[in-house]
Amino acid sequence: AGMVSLGMPSTAPVSLDDMLRISAAVRRGAPDTFVIGDMPFGSYEVSQEDAARSAIALIKGAGVDAVKLEGGKRIASRIESIVDCGIPVMGHLGLTPQTASGTTGYRPYGRSREQIQELHRDMLAVAEAGAFSVLLEGIPGDLTAVVRSWVNIPVYGIGAGTEVDGQLLLAYDLLGL
């Protein structure tokens, strides 16, 4: 939304207010669909309280059914605090767009032994923290089946091969926009 709808140079500048408006529009357009609100950068990193407060805002203000957070072990306590509020959480690992420009860039993740070990640690942490599912982005397809075996929750993919429980495809990408 930040890049294709709001004209931002990356997803990092997207605010919680932006996501509230965008998520509410999605909810209005798809009233009978399970909607997951993407928690923007800065809405959960500082503290567990900020994470819970931001998730509650998306549930109450936009009517989403669940929230999604980028990161693994470093944000596991945030996932726990949101789940403790009764809000379902989807994790997001691999290429993480909100921090891509400062960390891995917009390129595939999981090609080095170090990244695979980190992915393993992060998958376990997200699942143990209570996430109901995980989105893998930019993971080599041959690695995805292995990654799925590490946890007992649904694994979705965006540019992560076919060995997933479901695919995320953005209309803007499909149309080449």
Quiz prompt | Debye, to nearest 20: dipole size of the range 1-52, +1 on Lys, Arg Cβ, -1 on Asp, Glu Cβ | solution = 280 debye
Quiz item: Could you give the length gained on full extension between TYR172 and ILE56, defined as 0.36 nm per residue of separation minus the Cα-Cα distance, in nm?
Solution: 38.9 nm
Quiz item: Using modelled backbone amide H atoms (1.01 Å from N, in-plane), which distant-in-sequence or interchain residues come within less than 5 Å of VAL35's amide H?
Solution: ASP65, ALA66
Quiz item: Using the Karplus equation 6.51 cos²θ - 1.76 cosθ + 1.60 (θ = phi - 60°), what ³J(HN,Hα) coupling, rounded to whole Hz, does each residue of the range 30-39 give in order, writing x for Gly and Pro?
Solution: 9, x, 10, 10, 6, 10, 10, x, 7, 7
Exercise. Would you rank ASP165, ASP38, ASP142, ASP122 by solvent-accessible area, highest first, keeping every protein chain in place and using a 1.4 Å probe?
Key: ASP142, ASP165, ASP38, ASP122
Exercise. Using a 1.4 Å probe and counting only protein heavy atoms, arrange VAL83, VAL146, VAL155 so the residue with the most accessible area comes first.
Key: VAL146, VAL83, VAL155
Quiz item: For SER77, what accessible area in Å² do you get when you roll a 1.4 Å probe over the heavy atoms of the protein chains, rounding to the nearest 10?
Solution: 40 Å²
Practice problem: Rank MET90, VAL46, MET19 by how far each Cα sits towards the positive end of the charge dipole of the chain (+1 on Lys, Arg Cβ; -1 on Asp, Glu Cβ) and give me just the farthest. | Solution: MET19
Self-check item: Per-residue [θ]222 nm for the chain (sum of -39500 (n - 2.57) over DSSP H runs n ≥ 4, rounded to 500)
Solution: -12000 deg cm²/dmol
Quiz item: Given 10 Å bins starting at zero, what is the percent of C-alpha pairs of the range 48-177 in each, up to the one with the largest pair distance?
Solution: 13, 43, 34, 10, 0
Quiz item: So what J values fall out for the range 166-177 if you push phi through Karplus, 6.51 cos²θ - 1.76 cosθ + 1.60 with θ = phi - 60°, rounded to Hz, Gly and Pro as x?
Solution: x, 10, 9, 10, 8, 4, 4, 5, 4, 7, x, 8
Exercise. Using the Cα centre as the reference, give the magnitude of the dipole from point charges on the C-beta atoms of the chain (Lys, Arg: +1; Asp, Glu: -1; all else neutral), rounded to the nearest 20 debye.
Key: 140 debye
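The values are calculated or read from the model by the stated rules, or taken from the named source; none is laboratory data. Note that the structure is predicted; figures quoted are calculated from it, not measured. Here the Cβ is made from the backbone with ideal geometry for all residues, glycine too, and neighbour counts use every protein chain on show. Just so you know, the surface numbers come from the protein's heavy atoms only, side chains and all, with ligands and any DNA or RNA stripped out. Shrake-Rupley method; radii C 1.70, N 1.55, O 1.52, S 1.80 Å.
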